Structure formats: C-alpha cells, structure tokens
Amino acid sequence: MMNSPRKKFHSYFKWQTLLIIITLFFLLISALPNLYTDKVKIELLPNSSSVQQITITKLKNLFDKHNLSVNEIHTGNENTSIVLNNKTDKMAVSTLLNQTLKDDYRLESSLISDMPAWLSSLNAKPIKLGLDLSGGVLFVLDVDTEQALFDRLKDIALEVKTIAMDNRIRGVNVIQHKLPENITDIKQNLLVNYPLSATGKIDVLFSELKKTYPDLTQQKTDTTQVTLTFSSQKAVQFRQETMKQTLKTMRGRIEELGITEAVTLQQGKNNIRIELPGVHDPEEAKRIIGATATLDFYQLAENSKAAGILRMADENGRKLNLNSKVVFSGSNIKNARAGQDQMSMPLVNLTLDAVGGKKMSQFSKRNVGKSMVTVFSEFYRNAENKMIKKSKIINVATIQQHLGSQFSITNMSSQQAAQELSLLLRAGSLTAPVTIVKQRTIEATLGVDNINNGIKALSVGISITLIFMIFWYRSLGIIANVALALNLVSLLGLMSLLPGAVLTLPGIAGLVLTVGMAVDTNVLIFERIKEELKRGHKVLQAIERGYKSAFSTILDANITTMITGIILYSIGNGPVKGFALILCLGILTSMFTGVFVSKILTNLAIKKNKTQLLGVKA
Amino acid sequence: MNQIKINTNVNLTSFRVASFYCAVLFVVIALFGLFNKNLELGLDFTGGYLTEFTTEKSVSQKQMNELLTSYLPENFKLTSADEGTHWSVQQADNESSLKGKEWLADFAIDSQLIITPQDAIYIGSQVGEELINQGGLALLTAIIVILLYLSLRFEWRLAAGAVIALFHDVLIVLGLFAWFGISFDLTILASLLAIIGYSLNDSIIVGDKIREIMKSGNEEKIDKVINQAIKSTLVRTMITSGTTLATIIAIWGFAGESLAGFSIALFTGVLVGTFSSVAISATVPQLLGLTADYYNKKQEELCTLP
C-alpha cells in the first residue's frame, strides 16, 4: 500500500513538473523586456554632402556646457546618432542642436529600446502602458455631418423618383443643390417639381413619402413645386445621431485595433477626440481610424433608362450600369471575417443584422441569376481640402441562390486585402465622412513623481504581505512567497504577451490586489494542511491531502470570479475592460503558481515526514 | 499561534443574526444616500468643458498642475503635449467652472507665463449611453450566471446568500461615495469589479465549508454547522483580508491623490466583503430554511431510486 502513492508522486514529478517549469520559463522570458526602458535617439542627417561632419568631442563639449547628460554618441559614415539618458531632455537637446548646427543638419528622433539583441530577436515586447503612465497620441477628427445630411437627402430624392415611377407619374423632377463650400449651417432641401398634368396623382406620392419619412417637412412653394426639408429641430437631431453613431463606430474601430484603454469622446459639435495609449506608430492607427470606408451593395441595372442610373467602371475598365438604389449598406453588417474558400482563395464572410438579412433575403429571392455589385467607397480630402468620395467596384457576383443573412464576398485580391476589409466592416461603416484635423503626441497625465509614489506604495504593500507570510507560516511561508513572486512575474509575462493588455496606475494597483488575493490560495492550502495534521495525519500525507481538498474550494471561488471577469471583459469598455483582463489573468496565474508551483516547491522542500509542521506536532 | 477563541455557539448565532440586521440597515442607509444625494459622477461620465492653450516655454506638468490648482475653483484634468508646451484642461460643466478663453489672460498674468489660448469647447463623456446600458446588462448577466453556477455546485440557498452579500458590498461602497460626495469615475468603477471578485471569493469559501460540514453529517443543527464553518475559516479570512487591507492602506498612503478614491473604494469593499461573508452569505441560507441534513437527504433520495 505504501508503494502506490509514491509511484504517483514520482510520475507526477516527471512530466508535469517539466511542463510547469517550461511554462514558467516562457513567462519569465516574456516578462523580461519590462526591465528595459525606451530611450530617445536623435539622428543628425546632413542636408548636403558638402557639410563637414561634426566630431564627437565637439558634441560632448556642447552638451557638457549646457548640463545635458547623454548616454552615447555614435558617428557613422554619414550620420551621427545621439542616445539620451532622459526622455525629458529631448526638447532641450533638439533646440540646442538646432541653434548650433543651423541649417547643416536635419534632426530625426526615434525611440529605441536597450534590450539585448537576443531578446529583441525573440520579438518580445514590454507591457503597453496606459495614457496616465506613458501618454500616447491624440487625434481630433472632424465629422462632416452636413455631408451626411446631404447623402440622406440624396437617398430620399431617389426614393421620390422610384415612387413616382411605381405610380406612373411622369415628369417628376427632383433638384438638390450642391453643398456650398466653407459655409456651415445652411438649410438643405429638395425641390420636387412636377408638371401640371400630374397634379391629380401627385398626392399619392407625397402621402407615401410622408409614411416612409415622417420627419420630413413638405411645403408647397409653387403650384407645381414642393420643397422637402428637415425642420431645424429634426436636422439638429439628425446631426446628433450621426455624431453618436460615429462615436460608437470609432470606439469599435479602436477596439478592433486591440487597444483597450483609449479615450474617445465628442468634442464640441462636430469633433471627436481620441487619445490612444502606447501607440508608437501613429500611421497605422491613423489609417484604420481615419478610413471612412463604407460598403454598398447594388443591383446591376437591366436597362440604362431606369431612374437614377449610376455609371461606374470596374477594375478592368468595363463600364457598368448600377441601379442607384442601394440594396443594403455597410451599416447592416453585423460581423465580417476574412477566410478562404475551398480553392484557398481569400474571401470575406459577412453576417448581416436582422434588417440587412431581411433585405438580402427579399432581394436575392427575386433576383436569382442576376448580378450584384459590391462598391467600396472612401472619403478623403484633396489638396484644396475638399471632401471627395472615391468609389470603386470590388466585386461583381452572380446571385446563385436565395441568400440569407450570411454570405461571402469572393475574389479578394489578397489575404491582406481580405483582412483589412473585414476589419473595417467589422468596426462599422460611417454614415458621415471623417477627417483627422489634429494629431499630437500627448504626455503621461501622471507625473513621474506620481508613478514613483505608486510603485513605492506597491512595494510596501507587497513587502508587508511577504513578511507576514514568513512570520505566520515559517518555512511554508517562504514557499508561499516564492510562489507569489513567480505569480507576479508570470502575470507580467502574460500581460506582455497579450497585445490588448494595457497597464495603468489603477491597473498596477489591481495587479497588486490580485497578488494579495493570490495569498489566499496558499492560506487556504496551509490551513487545510494544518487541519489534516490536527486530525493525526503524517506530514507528507497531510500535505498531499491539504493540496487536494483545498483545490476544489479554490477552483469554485476562482471560476465564479472568472465568470464575472469574462462577462465584464466582453461587454465593458475602457478601464473596466482593462481591469477585467488583469483580474482574469491574475486568477489564472495565481491558480497556476499558488497550487501547482507551490506544490512542487513543497515537495522539494519537505521530502521526509517531519515531526512538526506549522506548529502542529504530527 | 492563532488561538482565536469564540465564545459559545449561542453567542455566535445571535451575533450573526444581529449582524445580518445591521447589514440590512447599512444597505438601507446606502440606498437612502444613493437616491437622495446621487452619485457625484466624474468627468469620465459627465463630459465637461475643455480649454486648450500653449505656453511659449516648456513647463513641467507638476508646476502647471500647482499653478492651475491655485487658480481654478474646481477639480480639473490636465493633459500636456508637445514636450510641455501644449495644454488641455478639462473641467466640469457647471456654474463655478471657468469657461471660455478669457480667464487665460488673467491666469497668464497670475502665473507669469506667456500663454496663447487655443480652443475652448464642450466635450462629451468618455462613457457613451450605450455603454452604460451594456454595462448594466453585463452585470445582470454575470449575476444570473453566478447564481446558476453556484446553485449547480452548491445549493440555491447558499448561492442566494453569496449573491445577496455581493449586492450588499457593492451598494455600501456606492452609498459611501454618494454620502461623502466623492467623485465617481471609471477607475472607481473598475475597483467595484475587484470588490465583486473579493466578495464572491469570501462567500464561496464559507459556503464551501458549510457544505463540507453538512456532508460529513456530524452536526444536526444548521446554526451549529454555520458557526463551525465560520470558526474554521476565520483564520484564513483574517489573514487574507489583513494582507489585502495592508496593501490597500499602503497604496492609499503613498500613491497620493491620484489613487485616493480607488483606495477608499477598495478599502471599504474588502472590509464590508469580509463582514458580509459572515453576516449575510452564511446567515441568509439559514434564514431561507436550509437544513443540516440537506445533502444526506438528497443522497437518500438518490438511493431509493431504482
């Protein structure tokens, strides 16, 4: 009988221990980059080849004279690079260099990490720090709600024409004035003209219009003319809703970029302020945020005489006539994922919302065998700062069957194109064009002092815990402390691995709190062991039983908290999301180190039956 | 070591029941505060007024913070950009806050800085309406799932105890913030999350012990079972709460202003969480009519089935 637990113990020790050690090692390596800091590197690039190279001693003397400390100065064949000790000196050094060197050199600054080469070759990265700890990039976006209203009226104009056609009212003409440049707050309207002969039937049109667009004001301005406008109150409401929608879309896009701790808010009437933490490459963020891509699905027009024909050329220059009424637009897309078909050609799988699904179902049922065209549109500002909409046909497909809310866009040019399109579609399409009007690097909102104080507080807190554990549990306390330290390292490693994890000051506090709560795991186990000893079990047996029976309690408590964490992570946003992530990761690592690692440590430390453990005689 | 003696069972039971009514009273006071005084929502929730300006010379954030603190009547949030030359000040949108750009001229004289006003504009909240609704939905979902999971693993009365304790803890922290008018921002919301985790943890560990004693069948009276469970988990509860509270006090003392609200929320949360694990999550099942032989009965029922 004595043999069997021993055997078990032996095999447990072999491969499971190995697995745990490998995991620990892996997390340790992942946590390593956090030890190194980023440094500012300023490069001096000569403006012309005739400029004489500046010597290192000359630069050194210059910096010494102005009491600026630099880490190293390095001269290459053409350029000179300077690495600063303090990030905060960047401004002073730049001004000084600009003054001294005048027009001979251009300055280019970048951030470099002082990680050893082997570590950076592993592509290991430190944890991203939040806006409060390391600043980030600020974007201010301008939302062109006027253009959105214009587009809305344009849709209505088409609707008017369609209704007129359906009711066989001839000669109806809709005029929409172009948006004047640089004038805001104009009253946009549609002028509907009709011949005298249609007076009898025209009421049908307007009553039907009233039904579809109850917000639209109809005013008879002439015997044969009706002006359609949104009352100023409705127009304001429309603008507010557009802003709200854009804000929501922007939050979605930032989330798609994998940034949890961003700040997104409305600024003034037409602007959106976005602060992104830890973005070192603003261009990438800019591309996704600033992209105002929308996807519209059109039917290929059967004859070119129908109302509102859209003429567009596809990639091969073939002219296509589109029925200008959109079947459904990008705002109906619920989900989009890049994928591959059986021939491993890239495609984008789309899932539509209820409204889009219904539209698609109705449309495809009536049009099996006909073609549907996918048009990708993007807004951008040209050299004269005028908003321009660029549309291109990305796909023409024949409707093979009655489609529902799920279908795919095939014939994507590359896997990357499919990825990018799906990301944009997932993040939501914008009804109003947006442009980035401001971009600025912002500094940490908490000063260096605050951060140092925070770290001091955490060290004190952890120290108290560690000292107490040793005092209370003696030798097992040391094991608990080692497990705690490993827990902290594992958590840091795990957070460095996840691109979405961002550390803020409250995040650090949360981190320490999870460590504090990780003590709980060990306390539970040790109290169990004590209980088992009191019941008269031998030390080794008590340890074995203690770990085993405490485990189910620990599991129950942690799973429940994990459920909360996961739900709040998937639905919450901003700091709540970030905190929920730390909480969940903390639970995982504390279970890992508190139960498995400390078990191994206990087995290593106590190999024989002792006479006494935890102050209880066995 | 750890010879914490609790008097007789009778005393502990009456103590528990008394604590339970105390807890009910606390919740009523907290609710009263929440409905009467309302939570003072921070800039994250309310939005506010943003003033932007540039200074000619680079100024450190600490210095600017001090200058503005002595000048502005209310709390504000400061962001700097472009190496300490571009500043954004966010204030609450109310009567006492300084709006427009006019005050900047005065401030420039006051602080002896050369200031160029940039923008003065209203800004919206960081938390959209849809996110508040979603957040509420998330909490509701979480609570239902927890109830289900605990009912499955334990017994519905123990599960109800844990969830009621959870409500108690969160409500009391919210009530405290309402009564003392401490600004409630997103950071505090995040700390509520930690409190939820902590509260559940405490309740489950007591509940787990209750189940264990019930299953062993040594005790016949439910209040004895519960008392024994509390006694045997007391050391653990004290150590965990103690070390966690010590950490929070350290954060409170050293990290200063920026984490004060956060520490207050956590401190209260852990304190009431520990209290409620005894007063509520262990007592509610008893009040709901849990009997000591529940698990044995269940086993008998199972056995009689063919």
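Each reported figure results from applying straightforward, stated rules to the coordinates on display, with no laboratory input. Just so you know, these numbers come straight off a predicted model, no measurement behind them. Cβ sites come from the backbone with ideal geometry, for glycine too, and all protein chains shown count toward neighbours.
What average count of beta carbons from other chains do you get within 10 Å of the Cβ of residues in A:504-511?
Details: counts 2, 6, 15, 2, 3, 13, 8, 0.
For this peptide, the per-residue mean of nearby foreign Cβ atoms is 6.
Remark on the range B:48-123: hydrodynamic radius 12.2 angstrom, per the Kirkwood mean of 1/r across alpha carbon pairs.
In straight Cα distance, which aspartates and glutamates are under 18 Å from residue A:14, not counting same-chain residues fewer than 8 positions off? Cross-link targets: A:544.
Taking B:60, B:232, B:281 in turn, the Gaussian network model of chain B (Cα-Cα springs below 10 Å) assigns the largest fluctuation to B:60.
Averaged over the residues of B:133-141, the number of partner chain Cβ atoms lying within 10 Å of the residue Cβ comes to 4.
Using a/c under 1.5 as the rounded threshold, could you call the range B:88-188 rounded, prolate or oblate? The axes a ≥ b ≥ c are square roots of the C-alpha gyration tensor eigenvalues, and prolate needs a/b larger than b/c, oblate otherwise.
Working: a/c = 4.90, a/b = 3.07, b/c = 1.59.
Because a/c hits 1.5 or more and a/b exceeds b/c, the range B:88-188 counts as prolate.
Convex hull volume of the Cα atoms of the range A:409-508, normalised per residue: 193 Å³.
Highest mean first, how do A:36-44, B:85-93 rank when packing is the count of other Cβ atoms within 10 Å averaged over residues? Could you put the intermediate results ahead of the total?
On the way: A:36-44: 17.2, B:85-93: 19.9.
Ranking, from highest mean packing down: B:85-93, A:36-44.
Determine, for each peptide in A:206-213, A:533-540, the mean count of other beta carbons within 10 angstrom over its residues, then list the peptides with the highest first. Spell out each step's value before the answer.
On the way: A:206-213: 13.8, A:533-540: 15.6.
Highest-to-lowest ranking by the protection proxy: A:533-540, A:206-213.
In the protein assembly as shown, taking the dipole from charged Cβ atoms about the Cα centre, the farthest positive-side position among B:21, A:28, A:17 is held by A:17. Computed on chain B, with alpha-carbon pairs under 8 angstrom and 6+ residues apart, the relative contact order is 24 percent.
To the nearest whole number, what is the average tally of beta carbon atoms from other chains within 10 Å of the beta carbons of peptide A:463-474?
On the way: counts 3, 7, 7, 1, 2, 4, 2, 0, 1, 6, 2, 1.
Per residue, the average neighbour count from other chains is 3.
How big is D for chain B, in µm² s⁻¹ as a whole number, if Stokes-Einstein is applied with the Kirkwood radius of its Cα pairs at 20 °C and 1.002 mPa s? Before the final figure, lay out the partial values.
Values: Rh = 22.6 Å.
My calculation gives 95 µm²/s for D.
Considering only Cα-Cα distances, which of the following residue pairs are longer than 27 Å: A:608/B:209; A:269/B:77; B:62/B:99; A:456/B:209; A:60/A:456; A:125/A:392? From A:608/B:209; A:269/B:77; B:62/B:99; A:456/B:209; A:60/A:456; A:125/A:392, over 27 Å: A:608/B:209; A:456/B:209; A:60/A:456; A:125/A:392. Geometric descriptor of the range A:451-581, per residue, is 105 Å³ (volume of the convex hull of the Cα atoms).
Over all other residues within a Cβ to Cβ distance under 13 Å of residue A:328, the charged ones net out to +1, with Lys and Arg as +1 and Asp and Glu as -1.
Peptide packing for A:449-461, B:213-225 was compared via the average number of neighbouring C-beta atoms within 10 Å per residue; ordered from the highest value, the list is A:449-461, B:213-225. Here the residues B:121, B:204, ranked from fewest to most Cβ neighbours within 10 Å of their Cβ, fall in the order B:121, B:204. Enclosing the Cα atoms of the protein assembly as shown in their convex hull gives a volume equal to 260 cubic angstrom per residue. Once the Cα atoms are used to define both axes, helix B:102-111 deviates from the longest principal axis of chain B by about 90 degrees.
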